[in-house]
Each structure stands twice: as structure tokens, then as C-alpha cells.
1. Checking GLY194 against (1) at pLDDT below 95; (2) of a type outside the set (Asp, Glu); (3) on the phi < 0 side of the Ramachandran plot, only one condition comes out false. Which one?
2. From the residues in the stretch 153-183 that are of a type in the set (Gly, Ala, Ser) and crowded, with 17+ Cβ neighbours inside 10 Å, which one is farthest from HIS131 (Cα to Cα)?
3. Out of all the residues in the stretch 8-20, which are over 20 Å from GLY51 (Cα atoms) and either surrounded by fewer than 12 Cβ atoms within 10 Å (Cβ to Cβ) or free of Cβ contacts under 8 Å to residues at least 60 places away in the same chain (or both)?
4. So, ALA186, is that one under 17 Å from PHE153 (Cβ atoms) and in contact with a strand residue (DSSP E or B) (Cβ under 8 Å, 6 or more places away or on another chain) or not?
5. So which residues in the stretch 92-144 are outside any loop (DSSP other than H, G, I, E, B), crowded, with 19+ Cβ neighbours inside 10 Å and of a type in the set (S, T, N, Q)?
6. Can you work out which of the residues in the stretch 70-91 that are charged (D, E, K, R) and assigned to a helix (DSSP H, G or I) is surrounded by the fewest Cβ atoms within 10 Å (Cβ to Cβ)?
7. Tell me which residues, restricted to the stretch 190-212, are of a type in the set (A, V, I, L, M) and assigned to a strand (DSSP E or B).
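The values are calculated or read from the model by the stated rules, or taken from the named source; none is laboratory data. What you are looking at is a predicted structure, and each value in this text was computed from that prediction instead of being measured. Cβ atoms come from the backbone with ideal geometry, glycine included; neighbour counts cover every protein chain shown.
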Amino acid sequence: MVQIPVELSNGPTVVSADWTPGDNGATVIVAHGAGTGKDHPFLTGYVDALGASGFSTLRFNFPYVEQGRRMPGPAAHAIATWNAVAAFARESAPSATLWATGKSYGGRMASMAVAEGMIVDGLAYLGYPLHPPGRPEKPRIEHLPGITVPQLFVEGTNDPFIQPIAQFEEAVASCQDARVVWVERAGHTFEVKGHKRPAAEIGASLAPIVAEFIGR
């Protein structure tokens with residue numbers, strides 16, 4: 001485990017991260033969802049599967065998790081954290097390509113960081129939260145069309161955060177370079193009703209989708 005310094009508007013802090021070097025020339029940064037942390041089995045399964053394919057991986061906590069809080073802090077704090085973590089990844093593997101991925105909130109914060117100038121080679125979202133469940137009138141899409149790097153949306157067809165799907169597809173179509181990979185009958189955490197699997201197994205099952213996106 002490493003400690004990454006982050007400059008926030010209310011003062012400096014540090015966040016915990018797990019850095020695992022690989023040998024295929026690509027680094028994947030992984031951010032957690034709003035209600036979890038970097039050690040959630042979904043993320044460890046995802047990262048372990050990426051590592052088995054030769055990727056360098058870096059998964060990290062946002063400051064509110066380090067501080068023992070359950071609710072995310074200001075978006076500016078998450079964006080500052082993403083920038084600090086990306087800088088650490090570049091210093092750790094300067095010749096590697098750099099890919100930002102995240103579950104739900106973590107992926108959305110990555111997209112906002114890139115929209116504000118963070119440099120990566122691409123973005124992959126594991127369940128992008130287009131809007132709060134049942135609130136399609138509150139879409140979180142304003143910044144997406146301005147992103148120029150490739151974007152991958154891995155989405156469950158039963159995810160309440162993207163219903164109605166037509167609205168989500170319209171949002172993706174507004175992006176400059178974006179594609180969707182659908183997981184049939186899956187919800188927001190990619191669980192499929194009637195087909196119970198451990199969270200680590202579910203996370204690992206998404207790694208090949210992201211690996212293919214990076215390698216294309």
C-alpha cells in the first residue's frame with residue numbers, strides 16, 4: 001500500500017492506494033463507488049483479473065473514505081484526488097499508457113477530472129450513474145460531450161441509474177468517441193436476478209471487456 005498526497009481546497013491530505021506493476025505497457029487506475037472503498041471485493045476481483053492480463057493497476061480511496069465518512073465530499077475534492085493519483089501513476093510507469101476506470105461515482109468523477117484537463121488515454125465506466133434512480137430529469141451529462149479521449153460505458157440493462165435506456169443512449173451518442181457494452185439483465189452492481197455470484201467474480205468478469213477496449 002502507498003500513500004498519495006492530495007491538495008484539497010481545505011488543506012493537504014493523503015489517500016491510500018494499492019499499486020501493482022505489470023508488463024504490458026498499460027496502467028489502469030480504479031476508483032470505487034460512492035458507498036464502498038478500494039478494498040470492496042468487486043474492485044479487488046476486477047483488479048486481480050486485470051493484473052493477470054499484465055496490466056499495471058492502481059486502486060485508491062477518495063478522501064471521505066480515508067476520513068471514515070460514508071457520503072462523498074465535494075466533487076472538487078474527488079477531482080483533485082483523481083489528478084494526484086494520475087500523477088502518481090505516470091511517475092510510477094512513465095512509458096505506459098494511462099486509463100481511468102471507476103465503479104459508478106468513481107467513474108463519473110474521473111470523467112469530470114478529464115473534462116477539466118486531466119490527461120489519460122481513455123475512460124472506462126463500470127455502471128455510469130446517469131441520474132439518481134427514478135430521477136431521469138436530473139442527468140449528469142453536461143461535461144461528457146467535451147471529452148475527446150475514447151470512452152467505454154459498461155452497463156447493465158436493468159440498471160435503474162440509466163433508465164430509460166433511450167435517454168442513456170442519447171447521452172452516449174452526444175460523446176465524441178464512445179461505445180457501450182451491455183451486460184444483459186444486470187443491475188447497477190452487475191448482479192443478475194436469479195444468478196447469484198460473489199462480488200469478486202462479477203468484478204473479474206468485467207476485466208476482459210475493459211482489456212479489449214484498451215487493446216483495440
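1. (3)
2. Residues of the stretch 153-183 of a type in the set (Gly, Ala, Ser): 156, 166, 171, 173-174, 178.
Then drop every residue that is not crowded, with 17+ Cβ neighbours inside 10 Å, which leaves 156, 171, 178.
Numbers: GLY156: 14, ALA171: 11, ALA178: 18 Å.
Here the residue is ALA178.
3. Of all residues in the stretch 8-20, those over 20 Å from GLY51 (Cα atoms) come to 8-15.
Once the filter is applied, which keeps residues that are over 20 Å from GLY51 (Cα atoms) and either surrounded by fewer than 12 Cβ atoms within 10 Å (Cβ to Cβ) or free of Cβ contacts under 8 Å to residues at least 60 places away in the same chain (or both), the stretch 8-20 yields SER9, ASN10, GLY11, PRO12, THR13, VAL14.
4. Details: under 17 Å from PHE153 (Cβ atoms): yes; in contact with a strand residue (DSSP E or B) (Cβ under 8 Å, 6 or more places away or on another chain): yes.
Yes.
5. If we filter the stretch 92-144 for residues that are outside any loop (DSSP other than H, G, I, E, B), which is where we start, we get 92, 97-103, 105-115, 122-126, 144.
Now restrict to residues that are crowded, with 19+ Cβ neighbours inside 10 Å: 98-103, 105-114, 122-126, 144.
Passing the criteria: THR101, SER111.
6. So in the stretch 70-91, the residues charged (D, E, K, R) come out as 70, 90-91.
Still in the running and assigned to a helix (DSSP H, G or I): 90-91.
Working: ARG90: 15, GLU91: 8.
Once the filter is applied, the top-ranked residue is GLU91.
7. The first filter runs over the stretch 190-212 and keeps only residues of a type in the set (A, V, I, L, M), leaving 192, 199-200, 202, 204, 206-207, 209-211.
Hit for the stretch 190-212 is VAL192, nothing else.
Every residue, every condition in (1) over 19 Å from LEU126 (Cα atoms); (2) more than 14 Å from the chain's Cα centre (by Cα); (3) in contact (Cβ under 8 Å) with a residue 24 or more places away in the chain, yes or no:
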site: GLN3; (1), (2), (3): yes, yes, no
site: GLY25; (1), (2), (3): yes, yes, yes
site: VAL30; (1), (2), (3): no, no, yes
site: GLY33; (1), (2), (3): no, no, yes
site: GLY37; (1), (2), (3): no, no, yes
site: LEU58; (1), (2), (3): no, no, yes
site: GLY68; (1), (2), (3): yes, yes, no
site: PRO72; (1), (2), (3): no, yes, yes
